[in-house]
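Below you'll find the structure I mean.
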Amino acid sequence: MAHDTTLTPEEASKKQIRTIWKVAGLLAVVTLIEFAIAFSPVNQTLKIFIFVGLTIVKAAYIVGEFMHLRHEVKFLIWSILLPMIFVCWLIVALIVEGGSIH
């Protein structure tokens with residue numbers, strides 16, 4: 001993350017604390033949505049897809065903020081994201097094809 005030289009240490013600290021609370025708030029909201037869906041009368045398959053999607057959202061936000069990937073160059077982001085997409089595709093393909101044996 002680029003450092004702003006115009007901020008005093010106190011202002012920079014307050015900015016970092018605001019960012020941490022923002023991240024914690026967003027993760028709490030997504031977790032509350034997950035809990036609401038877990039106890040709702042929604043189709044089990046739909047629940048699984050929703051949970052996987054929300055988990056990916058939370059993981060991406062954590063990686064972007066706490067591992068500072070959001071502030072990196074686009075090439076580095078894609079060099080991490082593309083293999084992850086292929087691994088997810090491989091897992092889905094193996095699950096689908098593994099069920100076709102029976």
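The values are calculated or read from the model by the stated rules, or taken from the named source; none is laboratory data. Values in this document were obtained by computation on a predicted structure and should not be read as measured data. Don't worry about glycine lacking a Cβ; one is built from the backbone with ideal geometry, like all the others, and counts go over all protein chains shown.
Working carefully through the options ALA28, ALA59, ALA24, find the one that is in a helix (DSSP H, G or I), within 23 Å of ILE85 (Cα to Cα) and within 13 Å of the chain's Cα centre (by Cα).
Unique residue meeting the criteria: ALA59.
Out of GLU34, GLU11, which single residue is surrounded by 11 or more Cβ atoms within 10 Å (Cβ to Cβ), more than 19 Å from the chain's Cα centre (by Cα) and either closer than 30 Å to TRP89 by Cα or at pLDDT below 85 (or both)?
Testing whether each residue is surrounded by 11 or more Cβ atoms within 10 Å (Cβ to Cβ), more than 19 Å from the chain's Cα centre (by Cα) and either closer than 30 Å to TRP89 by Cα or at pLDDT below 85 (or both) leaves just GLU11.
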